[in-house]
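Below is one structure; the comments refer to it alone.
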Amino acid sequence: YQNIIGVTFFDVTTLKIFVGQFEDDENLQKFRTLSCQIRPVEIVQAKDCNSQIQKMLKNSPVLPIFTNLHPTKCWGLIRTCAKMECYLGQKHEWPEVLQNVKDFEQEVALQSFGMAIAFLEDSLIAEKTLKTGIFSAYTPETQEQLEYMVLDS
């Protein structure tokens, strides 16, 4: 039994943005570790988000704010890539991390990043955040204290 989990998490004060996806077991051990490492303040999720993940996050020592995105804000690959081109230019101009996510067809990571873009647009900070952001690949070994997390599963 494997879950493929795509995550995008960021801190708007430092402009560090992490994007990635990973396989997890039925107990979501890697995701549990991630949520302990970053201690999210706000969770942006699709309305139909994995109920096991929601339950786990709602039992966090500090309850994050949950923002459910309308299905029209949970974009597929084509819309996400089009939005990336709007903010970051053509694919060869994208940060290497995003080029790799696209090249290696990490679809769930791209969908998660698309949700992050939609959230940033709704917050009116998409252009500034994305154009000046410092992008890094997320692997389950990454350890950072960040404020916001966006997930898609």
Where q = 0.12, 0.13 Å⁻¹, what log10 of I(q)/I(0) comes from the Debye formula for the stretch 61-119, counting one point per Cα?
-0.32, -0.37
Gaussian network model of the chain, Cα within-10 Å springs - most flexible of MET56, MET115, MET84
MET56
Checked against a 19 Å limit on the C-alpha separation, the offending pairs among LYS83/LYS128; LYS30/LYS131; LYS58/LYS83; LYS47/LYS102 are LYS30/LYS131; LYS58/LYS83; LYS47/LYS102
Spherically averaged projected area in nm², based on the convex hull that wraps the Cα atoms of the chain:
8.2
Percent carbon-and-sulfur accessible area, the chain, ignoring ligands, DNA and RNA, probe 1.4 Å:
50
With no solvent and one point per C-alpha, what does the Debye sum give as log10 I(q)/I(0) for the stretch 1-58 at q = 0.14, 0.16, 0.23, 0.26 Å⁻¹?
-0.39, -0.52, -1.07, -1.34
Per residue accessible area in Å² of the chain, where ligands, DNA and RNA are left out and the probe is 1.4 Å:
52
Pull up the DSSP beta bridges for the chain and report the antiparallel fraction as a percent, rounded to 5.
55
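The values are calculated or read from the model by the stated rules, or taken from the named source; none is laboratory data. Owing to the predicted nature of the structure, the values given are computational and were not obtained by experimental measurement. Only protein heavy atoms, including side chains, enter the accessible area calculation; ligands, DNA and RNA are left aside. Shrake-Rupley method; radii C 1.70, N 1.55, O 1.52, S 1.80 Å.
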